[in-house]
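Trainee: I am attaching a structure below and will ask some questions about it afterwards.
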Amino acid sequence: MTLKQTRALLLLVIVAGCVGASARPGSAPVLPNPVLYLVATEAFQSNGRTFIRYKYDVLNKSDYPADMFAASPKLPPCGNNTNASRTWVDFYDQAGKRLFGFCALGKPADLNGIYFALEEGQIPPSWVYIEMKDRQANTIYKSNLADTTN
């Protein structure tokens with residue numbers, strides 16, 4: 001083996017060792033950002049006022065493990081809910097203003113029923129997005145901008 005081949009082999013061993021050292025055993029898999037889309041809008045009444053509910057789904061909700069939505073009593077509560085889920089989901093308008101949130105989704109499939117509502121006559125933002133905050137892993141998954149009209 002030549003000196004040049006020995007150096008190349010040594011470099012390959014060092015690089016392979018560094019790559020292997022950076023991956024921790026048991027570390028969480030890398031998860032995709034949510035793909036948000038509008039399902040429907042519907043009018044409803046509450047306290048004598050009419051609102052429009054903007055209903056959304058997450059196309060890739062099955063990519064998220066169920067334990068991300070497990071009740072997590074060891075994490076801070078959501079208001080009086082001491083069994084809030086590990087991951088909270090918040091809606092934002094395109095400028096970053098929070099519109100509404102969910103702190104008690106029980107499984108990834110529940111992402112098919114998320115929404116925000118505005119009083120009838122109020123102009124909705126053109127686009128919205130969600131952030132899924134995994135409070136245990138201290139990770140935020142931000143969706144695409146989704147339309148508010150069908």
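The values are calculated or read from the model by the stated rules, or taken from the named source; none is laboratory data. Note that the coordinates shown come from a computational prediction; the quantities given were computed from them, not determined experimentally. Quick reminder, even Gly has a Cβ in these numbers, built from the backbone with ideal geometry, and neighbours come from all protein chains shown.
Trainee: Given the condition within 30 Å of PRO125 (Cβ to Cβ), of a type in the set (Lys, Arg) and either surrounded by 13 or more Cβ atoms within 10 Å (Cβ to Cβ) or at pLDDT below 95 (or both), answer yes or no: does some residue in region 41-55 qualify?
Mentor: In the first step, residues of region 41-55 are kept if they are within 30 Å of PRO125 (Cβ to Cβ); the result is 41-55.
With of a type in the set (Lys, Arg) added as a condition, the list becomes 49, 53, 55.
Next cut, either surrounded by 13 or more Cβ atoms within 10 Å (Cβ to Cβ) or at pLDDT below 95 (or both) only: 53, 55.
Yes, some residue in region 41-55 is within 30 Å of PRO125 (Cβ to Cβ), of a type in the set (Lys, Arg) and either surrounded by 13 or more Cβ atoms within 10 Å (Cβ to Cβ) or at pLDDT below 95 (or both).
Trainee: Here's a check for you: in region 52-70, which residue that is of a type in the set (A, V, I, L, M, F, W, C) and touching a helix residue (DSSP H, G or I) at 6+ places or on another chain (Cβ under 8 Å) is farthest from TYR129 (Cα to Cα)?
Mentor: First, the residues of region 52-70 that are of a type in the set (A, V, I, L, M, F, W, C): 52, 58-59, 66, 68-70.
So of that shortlist, the ones also touching a helix residue (DSSP H, G or I) at 6+ places or on another chain (Cβ under 8 Å) come out as 58, 66, 68-69.
Details: VAL58: 11, ALA66: 22, MET68: 19, PHE69: 19 Å.
Checked region 52-70; the qualifying residue farthest from TYR129 (Cα to Cα) is ALA66.
Trainee: Out of ALA117, ALA109, ALA95, ALA66, I need the residue that is exposed (fewer than 13 other Cβ atoms within 10 Å of the Cβ), within 25 Å of ASP147 (Cβ to Cβ) and in contact (Cβ under 8 Å) with a residue 12 or more places away in the chain. Which one?
Mentor: On the way: ALA117 fails: exposed (fewer than 13 other Cβ atoms within 10 Å of the Cβ); ALA109 fails: exposed (fewer than 13 other Cβ atoms within 10 Å of the Cβ); ALA66 fails: within 25 Å of ASP147 (Cβ to Cβ).
Of ALA117, ALA109, ALA95, ALA66, the one residue that is exposed (fewer than 13 other Cβ atoms within 10 Å of the Cβ), within 25 Å of ASP147 (Cβ to Cβ) and in contact (Cβ under 8 Å) with a residue 12 or more places away in the chain is ALA95.
Trainee: Now a separate question. Is it the case that some residue within region 122-132 is free of Cβ contacts under 8 Å to residues at least 40 places away in the same chain, small (Gly, Ala, Ser) and in contact with an Asp or Glu (Cβ under 9 Å, 6 or more places away or on another chain)?
Mentor: For region 122-132, residues free of Cβ contacts under 8 Å to residues at least 40 places away in the same chain, small (Gly, Ala, Ser) and in contact with an Asp or Glu (Cβ under 9 Å, 6 or more places away or on another chain): present.
Trainee: Which pairs do you get when a residue that is touching a residue at least 40 places away in the same chain (Cβ under 8 Å) and within 16 Å of ASN138 (Cβ to Cβ), found in region 73-88, comes within reach of a residue that is buried (at least 17 other Cβ atoms within 10 Å of the Cβ) and among the aliphatic types (A, V, I, L, M), reach meaning Cβ atoms under 9 angstrom, with the pair 6+ apart or on two chains?
Mentor: LEU75/ALA84; PRO76/ALA84; ARG86/MET68; THR87/MET68; THR87/LEU105; THR87/MET132; TRP88/LEU105; TRP88/MET132
Trainee: State yes or no: is ALA104 farther than 16 Å from TYR64 by Cα and out of contact with any Gly (no Cβ under 8 Å at 6 or more places or on another chain)? Give the steps one after another, and end with the answer.
Mentor: Numbers: farther than 16 Å from TYR64 by Cα: no; out of contact with any Gly (no Cβ under 8 Å at 6 or more places or on another chain): yes.
Taking the combined requirement at face value, the residue does not satisfy it.
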